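K.L.:
Take this structure first; my questions come after.
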Amino acid sequence: MRIGYTLMTEQAGPKDLVGYAAGGEKAGFDFEVMSDHYSPWLDEQGHSPYAWSVLGAVTQSTERVELMTFVTCPTMRYHPAVVAQKAATVQALSNGRFTLGLGAGENLNEHVVGRGWPPANIRHEMLAEAVQIIGGLFDGGYFNYKGDHFRVDSAKLWDLPEQRVPLAVAVSGSQSVTRFAPIADAMIAVEPDESLSREWDATKLGPPARKIAQLPVSWGEDRDAAIRRAHEQFRWFGGGWKVNAELPGPSGFAGATQFVTPDDVAAAIPCGPDVDGIVKRAGEFEAAGFTDLALIQIGGDQQEGFLRFAEDTLLPALRS
């Protein structure tokens with residue numbers, strides 16, 4: 001299993017993220033993923049720069065490491081034709097190191113454009129049309145499209161990269177797997193659910209595909225401090241994506257998680273200096289058929305220490 005590093009825009013500013021990207025490559029991570037948010041989950045996280053500007057800079061501060069959005073919603077804040085242009089540009093800047101990770105989005109980020117927040121079935125319809133549009137533009141030439149949710153009028157990507165941008169799509173169950181496995185290159189999920197991996201490969205009807213997951217950790221020499229930090233900044237994580245997709249802002253997440261305790265968070269997220277806890281959780285994803293796992297170190301001011309720990313201790317332990 002390939003091990004990645006998360007450039008989490010909700011907890012660090014743009015210049016720091018560019019530096020952490022270079023540090024993650026130096027530490028030996030195989031790939032790096034970046035969240036694409038308009039708002040942090042909680043006020044305590046304190047950041048949310050524009051991911052695509054940061055990605056452009058990261059392509060120049062790194063040389064080897066693969067890059068990926070985790071994930072971009074191509075349906076409301078961004079029209080899919082614009083997402084295709086952005087992705088093609090990042091692929092050209094990175095010399096073929098970029099994968100476009102897509103998802104149906106969260107109210108937290110998409111409500112800002114004032115279009116309301118549609119139900120889940122409509123969001124999946126919109127995402128499916130967006131994938132068709134993005135793929136059509138990646139094919140080259142002028143492209144027209146008329147669907148139930150989007151129209152494209154004589155659009156063309158004038159700077160197509162030499163290597164086509166792979167598409168990865170976030171799924172949460174059979175309905176989304178059935179819809180997206182035939183039209184995407186890779187699967188994204190956040191739970192070590194073996195049934196998703198099996199169904200994706202069976203639906204895709206090809207060789208086993210790349211399956212990418214994400215694991216938050218709160219590394220630190222002081223376990224109690226690491227638990228407090230995880231509770232302060234990541235207690236939203238336990239709500240599950242059916243809840244997390246619906247709440248409209250940080251105050252909503254603060255209210256919804258007011259009764260989550262530090263012990264609850266510590267039971268779900270590896271905290272402290274123990275390597276074995278992280279290795280054990282990573283093994284759950286490997287056993288479930290995932291090929292890639294991106295780690296999130298909780299705390300924007302904790303990245304440099306974590307990267308040293310990853311280079312010296314964590315990555316060798318995971319790979320052994």
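The values are calculated or read from the model by the stated rules, or taken from the named source; none is laboratory data. From a predicted model like this one, the values you see are computed outputs, not experimental measurements. Glycine also receives a Cβ, built like all others from the backbone with ideal geometry; neighbour counts cover every protein chain displayed. These accessible areas exclude ligands, DNA and RNA; they are computed on the full protein's heavy atoms, side chains included. Shrake-Rupley method; radii C 1.70, N 1.55, O 1.52, S 1.80 Å.
K.L.:
Listed residues Leu215, Leu205; which is among the hydrophobic types (A, V, I, L, M, F, W, C) and modelled with pLDDT of 95 or more?
P.N.:
Leu215
K.L.:
Let me ask another. If the requirement is being out of contact with any Cys (no Cβ under 6 Å at 6 or more places or on another chain) and open to solvent by 40 Å² or more (accessible area, probe 1.4 Å), which of these qualifies: Asp292, Asp263?
P.N.:
None of the others qualify; the one that does is Asp263.
K.L.:
Inspect segment 126-145 for any residue being at pLDDT below 95 and open to solvent by less than 50 Å² (accessible area, probe 1.4 Å) and give the result as yes or no.
P.N.:
no
K.L.:
Quick one: what pairs do we get from segment 230-248, first residue of a type in the set (D, E, K, R), second part of a helix (DSSP H, G or I), C-beta under 6 Å, 6+ apart or different chains?
P.N.:
Partner pairs satisfying both residue conditions: Arg235/Val265; Glu246/Asn107.
K.L.:
Another question, then. Determine which member of the set Glu10, Glu44 is touching a His at 6+ places or on another chain (Cβ under 7 Å) and among the acidic types (Asp, Glu).
P.N.:
Exactly one of Glu10, Glu44 is touching a His at 6+ places or on another chain (Cβ under 7 Å) and among the acidic types (Asp, Glu), namely Glu10.
K.L.:
Exactly one of (1) over 24 Å from Arg198 (Cα atoms); (2) surrounded by fewer than 19 Cβ atoms within 10 Å (Cβ to Cβ); (3) of a type in the set (Val, Ile, Thr); (4) in contact with a helix residue (DSSP H, G or I) (Cβ under 8 Å, 6 or more places away or on another chain) is unmet by Val112. Its number?
P.N.:
The failed condition is (4).
K.L.:
Also: Condition check: loosely packed, with under 13 Cβ neighbours inside 10 Å, at pLDDT 95 or above and among the hydrophobic types (A, V, I, L, M, F, W, C). Does Trp158 satisfy that?
P.N.:
Numbers: loosely packed, with under 13 Cβ neighbours inside 10 Å: yes; at pLDDT 95 or above: yes; among the hydrophobic types (A, V, I, L, M, F, W, C): yes.
So Trp158 passes the test.
K.L.:
May I pose another question? For segment 229-239, which residues satisfy the criterion of being out of contact with any strand residue (DSSP E or B) (no Cβ under 9 Å at 6 or more places or on another chain) and of a type in the set (Lys, Arg)?
P.N.:
The one that is out of contact with any strand residue (DSSP E or B) (no Cβ under 9 Å at 6 or more places or on another chain) and of a type in the set (Lys, Arg): Arg235.
K.L.:
Of these, Val190, Val169, which one is among the β-branched types (Val, Ile, Thr), under 24 Å from Phe31 (Cβ atoms), open to solvent by less than 60 Å² (accessible area, probe 1.4 Å) and at pLDDT below 95? Show your work before the answer.
P.N.:
On the way: Val169 fails: at pLDDT below 95.
Testing whether each residue is among the β-branched types (Val, Ile, Thr), under 24 Å from Phe31 (Cβ atoms), open to solvent by less than 60 Å² (accessible area, probe 1.4 Å) and at pLDDT below 95 leaves just Val190.
K.L.:
Among Pro208, Pro273, Pro248, which is the only one that is surrounded by fewer than 16 Cβ atoms within 10 Å (Cβ to Cβ) and in contact with a helix residue (DSSP H, G or I) (Cβ under 6 Å, 6 or more places away or on another chain)?
P.N.:
Just one listed residue meets the conditions, Pro208.
K.L.:
Another question, if that's okay. So, Leu314, is that one hydrophobic (A, V, I, L, M, F, W, C), crowded, with 20+ Cβ neighbours inside 10 Å, assigned to a helix (DSSP H, G or I) and modelled with pLDDT of 95 or more or not?
P.N.:
So Leu314 passes the test.
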